[in-house]
Amino acid sequence: MDTKARLFAMTLDLESDFSGALHKEVTLLHQPRRAEDLLTRLKERGIPLSAFVVGELLEKFPELIELFMRYGTEFHCHSYGHDPKDTDSGAEIERARDAFVDCFGSPPLGYRAPDGRISREGITQLAANGFKFDASVFPSYYPNPFKYLFRRSQPHFYRDTQVVEIPNTPISALRIMLSLSYIKLLGIRPYLRLLRWSRLPETAVFGSHLHDFFTDAEALSRMPRFWRVVYGRNRDRGLDFLDEILDFFQAKGYSFVTMSQVYSRFVESVGSRNGEEAEKDDRRAISQNPGGGCQGIL
Ligand SMILES: [Zn+2]
């Protein structure tokens, strides 16, 4: 990793319910071929992927997880049950961590709460369960109007803990999120214009879901009208739009990295409250046994 370059981390939340717009019966997860289209595209471009995975999917979809692992995906936690009413309780975080350890044989470094709903108590629970960073905060209007709007948008420590927040990245004074769902909603041309006018961040965390890339008519037909309109916009353009965004950041000289690399670089840059630990964690992430599959279930 270039130690001076600005960083771009491509993230994907691996979940089953269209961010809550549908209940948990999405057929997309039964179609690994489609996920492979995305993984192949990223591999061809040399872009590492960091996936925040819902714990119960580790148990239900081992083949899908194995596919992601074959392509070198770095995994972190996205709760256990993706329940909007229980995003960061101690029990939920512990269950997510246990499912992760059962699957990968090593503890997770990072956590992203469903809908970005992380509380101070949740951060305390993350610290107690050995997590090194949280990546839940959206410093924007959505999905939690005004709650996190004025939060810092670059990595920082939470006070009195060793937990680092690596927020999702807002773009421009409008605080539009750097995520594929926003890009599809606004259209790539207006979004790129917005990016050109914006002061670009040192660290950019890009958000996406499988359903941003592949939305089928059957799933759309079952959604409430509002979400049907949202997810229907530029429905088949996800992969192409991603290419254009990656081209933009590549041309600006960004290095493409994993979330654990963002974490390590941040800890090093602040003089390391706990630098030796971070180095150990980096090694832990790298040794996530890329060819091994989910040890507890395969
Ligand atoms: Zn989610």
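The values are calculated or read from the model by the stated rules, or taken from the named source; none is laboratory data. In this text, all values refer to a predicted model and were calculated from it rather than measured experimentally. Note: ideal-geometry Cβ built from the backbone for every residue, glycine included; neighbour counts use all protein chains shown.
Name the residues in the stretch 101-123 that are away from the ligand (no atom under 16 Å from the Cβ) and either in a loop (DSSP other than H, G, I, E, B) or of a type outside the set (Phe, Trp, Tyr) (or both), would you? Please lay out each step first, then the result.
So in the stretch 101-123, the residues away from the ligand (no atom under 16 Å from the Cβ) come out as 101-107, 109, 119-121, 123.
Within the stretch 101-123, Val101, Asp102, Cys103, Gly105, Ser106, Pro107, Leu109, Ser119, Arg120, Glu121, Ile123 qualify.
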inquiry  = Can you list residue pairs whose Cβ atoms sit under 7 Å apart, with the first residue in the stretch 116-142 being under 9 Å from Val163 (Cα atoms) and the second being among the aromatic types (Phe, Trp, Tyr) and modelled with pLDDT of 95 or more? Count only pairs 6 or more apart in sequence or on different chains.
reply    = Leu126/Tyr111; Phe131/Tyr111; Lys132/Tyr263; Phe133/Tyr263; Asp134/Tyr111
task = Report whether or not Ser89 is polar (S, T, N, Q) and over 30 Å from Ile171 (Cβ atoms).
result = yes
inquiry  = List the residue pairs whose Cβ atoms are under 6 Å apart, where the first residue sits in the stretch 38-50 and is farther than 14 Å from Glu244 by Cβ, the second is assigned to a loop (DSSP other than H, G, I, E, B), and the two are 6 or more positions apart or on different chains.
reply    = Leu39/Tyr71; Lys43/Tyr71; Pro48/Thr258; Leu49/Thr73; Ser50/Thr258
request  = Output the residues belonging to the stretch 215-239 that are closer than 21 Å to Tyr191 by Cα and within 16 Å of the ligand (Cβ to nearest atom).
outcome  = Thr215, Trp227, Val230, Tyr231
ask   = (1) crowded, with 21+ Cβ neighbours inside 10 Å; (2) modelled with pLDDT of 95 or more; (3) assigned to a helix (DSSP H, G or I): which one isn't true of Glu244, the others all being true?
value = (1)
message = Based on this model, can you work out whether Val101 counts as β-branched (Val, Ile, Thr), surrounded by fewer than 19 Cβ atoms within 10 Å (Cβ to Cβ) and at pLDDT 95 or above?
response = yes
note = (1) within 12 Å of Leu14 (Cα to Cα); (2) charged (D, E, K, R); (3) buried (at least 23 other Cβ atoms within 10 Å of the Cβ) all hold for Asp88 apart from (1)
request  = Please work out if Gly72 is in a loop (DSSP other than H, G, I, E, B), touching a strand residue (DSSP E or B) at 6+ places or on another chain (Cβ under 9 Å) and either within 16 Å of the ligand (Cβ to nearest atom) or under 22 Å from Leu180 (Cα atoms) (or both).
outcome  = yes
query = Would you pick out the residues in the stretch 51-69 that are without any contact (Cβ under 8 Å) to a residue 60 or more places away in the chain and part of a strand (DSSP E or B)?
reply = Ala51, Val53
message = Considering only the stretch 37-53, I want to know if a residue exists there that is modelled with pLDDT under 95 and surrounded by 20 or more Cβ atoms within 10 Å (Cβ to Cβ).
response = no
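Within the stretch 201-228, which residues are in a loop (DSSP other than H, G, I, E, B) and either crowded, with 18+ Cβ neighbours inside 10 Å or at pLDDT 95 or above (or both)?
Just the residues of the stretch 201-228 that are in a loop (DSSP other than H, G, I, E, B), to begin with: 201-202, 208, 214-216, 222-224.
The answer is Pro201, Glu202, Ser208, Phe214, Thr215.
Which is within 15 Å of the ligand (Cβ to nearest atom) and not in a loop (DSSP other than H, G, I, E, B), of Ala91, Ala96, Ala127? Lay out the reasoning, then the answer.
Numbers: Ala91 fails: within 15 Å of the ligand (Cβ to nearest atom); Ala127 fails: within 15 Å of the ligand (Cβ to nearest atom).
Result of the check over Ala91, Ala96, Ala127: Ala96.
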